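Heads up: the structure comes next, in structure tokens.
The values are calculated or read from the model by the stated rules, or taken from the named source; none is laboratory data. Fair warning: this is a prediction, and the values are worked out from it, not measured in the lab. Counting neighbours? That spans all protein chains shown, and the Cβs are built from the backbone with ideal geometry, glycine included. The protein model used for the area step is the full one, side chains on, heavy atoms only, and it has no ligands, DNA or RNA in it. Shrake-Rupley method; radii C 1.70, N 1.55, O 1.52, S 1.80 Å.
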Amino acid sequence: MRLHLLALLAKEPAHGYELKQALEQTFGSAYPSPNIGQVYVTLGRLEKDGLVRAVDVEQSNRPNKKVYYLTAKGRDHLTTWVDEPTEGPRVRDEFFMKLVLAPLTGIADRMALINRQRRHYLSLMSDLNDLLNRTSPSDRVAMLLIEGAMLHLQADLDWLERCQEDLA
Amino acid sequence: MSAVLKTVNLVKIYQDGAIPVPAVRGVDLQVEPGEFVAIMGPSGSGKSTLVHMLGGLDARTSGEIWLDGKRVDTLSESAWALLRRKKVGFVFQFFNLVANMTVGDNVELPALLAGVSPKVARERRESLLGALDLTDRADAAPAQLSGGEQQRVALARALANQPSLLLADEPTGNLDSRNTRDVLRLLGKVHKEGQSIVMVTHDARVAALADRVVSLFDGEVVDDGRIARRRRGTAGEVIDLR
Amino acid sequence: MSTALAGSRWIRADLRARKGQAVLTVLAVAGIVAALITAATLLEDGTNPWRSLSAQSDGAHVWFYTGDSPEVALGGIDGVTQIAGPYRSAPVTVAQDGKREPAALRAMPAEPARVAHPLVAEGNWLDAAQPDGVVVERSFASSLRLGVGAPFTIIALSGERHTLYVRGVADTAEHGFYPEWTPGLAYVLPEMLDRIEPMMGRSEWVTGLRLADPDAAQVVSQRVVVMLEDQLQRVYTWREVRGAMELDNRLLGTLLALFGVVGLVAAALALANAAGGRVLGQLRDLATLKSMGFTRGQITLLLVVEHGALGLLGVALGALAGWGVMAAVLGPTSVAPVPVLAIVAGTALVVLAAVGLPAWRGGRTPPIPAAPASPPRGHLSRLARLALLVRLPPALVLGTRDAFTRRVPAFLTAFGLAVPMMMITIGLGVWATLDNFLSHPEQVGQHAGLYVRPGKLEAAEARRIAERDKDVAAVYPGTDVNALAPGEARSVRVRAVGSSTQPYPFPVVEGRRYARQGEAVAGQGLLDLLGIRIGDRVRLTVGGSPLIVRIVGRTVEPDQDGVVLSVGLDSLAAKDSVPPEYYALALRPGADRAEVRGRLLAESAEGLDVQAAVNPADRLSIIRVVIVALIAVLALIGLANLLTASALGLRDHAFDLAVLKAMGLTPRQVMATLVTGTGLLVVLGVGAGAAAGASVVTGLIDLQGHTSGVGAGIGRPPSPLTLAVAVVIAVGTALAVALIPARRAARAQVPVTAR
């Protein structure tokens, strides 16, 4: 969550609760709602690393609140993160290991593995379908997230088919 | 209640010159009323041939096909045609709307063919187009519609006579993801209303709508099972759980 | 019922989507039918004028002449509906331009008769206000070169001269054409006739009977003979009149039938091509209909109904148009119903047959709607390989490949052009044959250009005058007599001309000319009539004396349906041959007949009767009109075929074109490719058609000549030059037509999508 908070602070200084709200607003249902404690712990670590700095702001009839802002070092850190390419999905996953190794052990044949995996993927897909239907179309970020997941799943299924054609 | 569709050891062998090319080799399939079955498999696995045989568009080489408790594989081409009018609806990858007829006429045609009075056919057309949200496009030519709209019209046409069985061959194979979503929504809706569907598809999203997935490989059924539905939750939760 | 409704919906939508093509189909069929009806009616009218004349004049069917006005209840005879006359008729001689022609003056009232009223063609009918007016029968008037207002001088039997003035020229259905039918006929008011010929004994009475059933004419005339007995001078029926008016129309009839049949075949091809092309384009829709529950039979029926309806609509429109045009031009009764009905029925059948095959093919479409139909492609035809071998430009090679990708349509296209082209060649051959008649009359038995009858002069004097003329090459004495053949009710013409020492140069096509007394040559008609062959002996009776001759050759004989026996004058008995009736003059090449005729008349002080030979081609000139009309229709059919073919070709190529362009072909090259594709088929079809036509044309005309009695040996193929020009024009037009869609296609942006 470190970089999410840095990114939000790059826009404008904010205190902890504001950050939690901004997170919820930006990601909608696509991101599980963070609890406030977690936000403060992360902010504390960031402050210790010198990426943010906190300033106390006095409030009448309430305790002072801490407003955080990004330091120059924090901005550099954020820039580096955004600029570097993100790793693609892992292909050498567990299922692949099973598929290659299972026949050697004699525990299961590949076709059964593939079939089971396909059903699993389809059931995931079915869940995503349900999810998509339940998600309001105005929730753009959630929609994109779901569609991304579906496309990954479709790719996994296609790959499963290739495995079946070549290994079976 | 008996199965809507049942096949027993269904076989199709094409003759390529002197060499017999088996496309479907002994498929046993049973579809219960209201069930939605997706048929998947790599290209060349015989899925299209199978669904064509189920609708009588292609003759089987051997085996049996039972539709609504009646054996139909022995029917002549003409008898099949008569049967299709009332019992089988077809949806294809390339929509196959009659290019010269308006959208409305395309939807009305099967009803007329089934012997419904012109008045009833007109009413049915109106209600179907209304349900598709295409009432204002009734007088347009199919070519003026987007792919998704065309496929929705094709679906409406296939459902016009309330067939016992809806057969679909890659209905979203030629659509982009947005149009696919439209067609999916419609398919899901008719399925909920109790329509039995057998659909060939490549698209996991479409297949995931089905109750059951049948996997064909090399003309044989290699897997046949229900799709489990388990998870509920927000996008963040479902996807994180993966 | 339900399918009919659904089917009609589909047909309507399909027709709406291709209005232009549908209209073209209808028009093509309509054009053919209209042309056929027009040609048939024109022919009928031109060769058999009696029918329409009789219908227009409410003509009588039986005519008889009596000494006195018949005092019998003629109306009582069964089947007689109306009676014309009796009219008084007196023989006179008409003196015109120094010639004297026999004529009959007929007294008729000023108010037109209800039955058998002459049809005034020019001027007016008789009027009491102009007592010296005369109305002359048309063929008589034209023979005498009389126009309205001209003086008409007659000499009565008493020798008295009267001058009347031509008030009108009229057609009649009771009288054959002058001079074949003499005397000539003229009408005057009764008072005038009384003045010209006061002696009742010198005149006779003419009565016409109109019958309910024309076929009863024979029976009725028998009754008249019995009732009137010795009062009756002669009687004849409409059949004789019709026979006298009739030209030999068998040649025309057969030609027309041939053109008609081939026109129909071409029309059928055009329809089959159009329907076939349409079906090919509709395969996906047909498959869809099947998947919705149309049966094979219903699809076939649907297509037959759709395309057949277009054809039948064309037939109906064409029949209406043809009928309408003919009725407008020749009068409402001029159209003979039988040939029209035959044409309509024939074309309707052909239409349905032509549509049947593509419909059946359409019905057999498999119900699986595959991906958008793609044409078969890939293999280079042998011709294309050859083209590559000789390093032709790529556009030509590709075009060559395209031309034969679809074999059946390629064949149909070529064939669809070959058939009209063959007929056009045959038409040109007929034309060339007619030209040959004109330029080489000696080849059709018209060696002599002029016939001289002694008239007022002695025969020997006439001969001397003729021989003296510088342009006369030879003079052949001749006499025409009628002879009776054994066992034949009819007489045959014996033409005795030339002699065994100086034989008339008949165009003998089989055997040889007569060389001795007792040898003869005959026309095909005579050989067929008597059932004899060259080398046989025949025995005829001429005026009581026998004539026994051996047939040594067959001539081309355009007269009398070929029922003519030609002998030397010395073969006839002297009583028949001396003095000769006429002299046939063969002129030197390049001599002008009219000039020679004028000189001969001047030389003999108008004493000779000089006539120019009538060339059969002149009588057949109506064929030329028919040929031109039919060539036009055939050319249209060919073009319609071509348009269908190139539309089909373009449909097949829509996809390829984009690829070709992507590969770097310029629009010009794309165009060249398309034009080459069609052009090759055009050249093939036109070439094959011309070759086939040229090879059968002489045979066909000779066959026709044989059946019409003229005899084989007249047919001429079109000259190589004419043929070459026709082929070049046909190919050029076809290419120009193919160019239009090709250009549009080459320029158009072709989307690279699967529909």
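Quick notes on this one:
- Residue that is surrounded by the most Cβ atoms within 10 Å (Cβ to Cβ), among those in the stretch B:202-213 that are more than 9 Å from chain A (Cβ to nearest Cβ) and touching a helix residue (DSSP H, G or I) at 6+ places or on another chain (Cβ under 9 Å): B:Val206
- Every residue from the stretch B:1-55 that is on the phi > 0 side of the Ramachandran plot and part of a strand (DSSP E or B): B:Asn9, B:Gly26
This table checks each residue for (1) in the same structural domain as A:Arg140 (by TED's automatic domain parsing); (2) more than 29 Å from A:Arg134 (Cβ to Cβ); (3) at pLDDT below 80.
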position	(1), (2), (3)
A:His15	no, yes, no
A:Lys20	no, no, no
A:Ser29	no, no, yes
A:Pro32	no, no, yes
A:Ile36	no, no, no
A:Glu47	no, yes, no
A:Ala54	no, yes, no
A:Gln59	no, yes, yes
A:Leu78	no, yes, no
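- Near pairs, Cβ below 9 angstrom, 6+ apart or cross-chain, from the stretch C:98-124 (farther than 21 Å from C:Gly176 by Cβ and polar (S, T, N, Q)) to any residue that is open to solvent by less than 60 Å² (accessible area, probe 1.4 Å) and not in a loop (DSSP other than H, G, I, E, B): C:Asn124/C:Gly133; C:Asn124/C:Val135; C:Asn124/C:Arg167; C:Asn124/C:Gly168
- Selected residue [more than 22 Å from C:Tyr65 (Cα to Cα) and either of a type in the set (D, E, K, R) or touching a residue at least 12 places away in the same chain (Cβ under 8 Å) (or both)] from C:Val206, C:Val148: C:Val148
- Matching residues in the stretch B:96-112 - criterion: being outside any helix (DSSP H, G or I), facing another protein chain (nearest Cβ under 7 Å), among the hydrophobic types (A, V, I, L, M, F, W, C) and closer than 13 Å to C:Met292 by Cα: B:Val98
- Residues satisfying the stated conditions in the stretch C:160-172, i.e. more than 16 Å from C:Trp125 (Cβ to Cβ) and open to solvent by less than 50 Å² (accessible area, probe 1.4 Å): C:His162
- Restricting the stretch C:218-235 to residues that are without any contact (Cβ under 8 Å) to a residue 60 or more places away in the chain and hydrophobic (A, V, I, L, M, F, W, C), the residue that is most open to solvent (accessible area, probe 1.4 Å) is C:Val226.
- Unmet criterion (only one of (1) under 21 Å from B:Ser43 (Cα atoms); (2) more than 10 Å from chain B (Cβ to nearest Cβ); (3) modelled with pLDDT under 80) for A:Leu113: (3)
- Total residues in the stretch A:50-83 satisfying the condition of being exposed (fewer than 14 other Cβ atoms within 10 Å of the Cβ), touching a residue at least 12 places away in the same chain (Cβ under 8 Å) and in a loop (DSSP other than H, G, I, E, B): the figure is 1.
- The residues in the stretch A:1-11 that are open to solvent by 50 Å² or more (accessible area, probe 1.4 Å), away from chain B (no Cβ under 14 Å) and in contact (Cβ under 8 Å) with a residue 24 or more places away in the chain can be counted, and the count is 1.
- Condition check for B:His191: at pLDDT 80 or above and assigned to a helix (DSSP H, G or I): yes
- Counting only strands (runs of 3 or more DSSP E) that fall entirely inside the stretch C:92-165 and contain at least 3 residues that are modelled with pLDDT of 80 or more and not acidic (Asp, Glu), the qualifying elements are C:99-107, C:133-137, C:151-155.
- Exclusive hit being over 21 Å from the mean Cα position of the chain (by Cα) and of a type in the set (Val, Ile, Thr), set A:Val41, A:Val100: A:Val100
- Here C:Ala186 does not qualify as within 35 Å of the chain's Cα centre (by Cα), surrounded by fewer than 20 Cβ atoms within 10 Å (Cβ to Cβ) and either acidic (Asp, Glu) or at negative phi (or both).
- For the stretch A:14-43, the set of residues classified as surrounded by fewer than 15 Cβ atoms within 10 Å (Cβ to Cβ) and assigned to a helix (DSSP H, G or I) consists of A:Tyr17, A:Gln21, A:Glu24, A:Gln25, A:Thr26, A:Ile36, A:Gly37, A:Gln38, A:Val41, listed by residue number.
- Residues located in the stretch B:1-45, provided they are within 14 Å of chain A (Cβ to nearest Cβ) and open to solvent by 20 Å² or more (accessible area, probe 1.4 Å): B:Ser43, B:Gly44
- Of all the listed residues (C:Thr41, C:Thr66, C:Thr81, C:Thr25), the sole one being at pLDDT 75 or above and surrounded by fewer than 17 Cβ atoms within 10 Å (Cβ to Cβ) is C:Thr81.
- Restricting attention to the stretch B:186-201, the residues that are surrounded by fewer than 21 Cβ atoms within 10 Å (Cβ to Cβ) and closer than 17 Å to A:Leu122 by Cα add up to 1.
- Residue in the stretch B:155-178 that is nearest to A:Glu147 (Cα to Cα), counting only those that are in contact (Cβ under 8 Å) with a residue 24 or more places away in the chain, open to solvent by 30 Å² or more (accessible area, probe 1.4 Å) and within 14 Å of chain A (Cβ to nearest Cβ): B:Arg178
- Against the conditions (1) at the interface with chain C (Cβ under 7 Å from one of its Cβ atoms); (2) under 19 Å from C:Ile368 (Cβ atoms), B:Met53 satisfies every one except (1).
- Residues that are part of a helix (DSSP H, G or I) and either within 29 Å of C:Ala17 (Cα to Cα) or more than 8 Å from chain C (Cβ to nearest Cβ) (or both) within the stretch B:68-95 comprise B:Ser78, B:Ala79, B:Trp80, B:Ala81, B:Leu82, B:Arg84, B:Arg85, B:Lys86, B:Lys87, listed in sequence order.
- Single match in C:Ala287, C:Ala309 (criterion: within 14 Å of chain B (Cβ to nearest Cβ), small (Gly, Ala, Ser) and surrounded by fewer than 24 Cβ atoms within 10 Å (Cβ to Cβ)): C:Ala287
- Among residues of the stretch A:129-166, those that are within 18 Å of the chain's Cα centre (by Cα), open to solvent by less than 30 Å² (accessible area, probe 1.4 Å) and more than 7 Å from every other protein chain (Cβ to nearest Cβ), counted: 3
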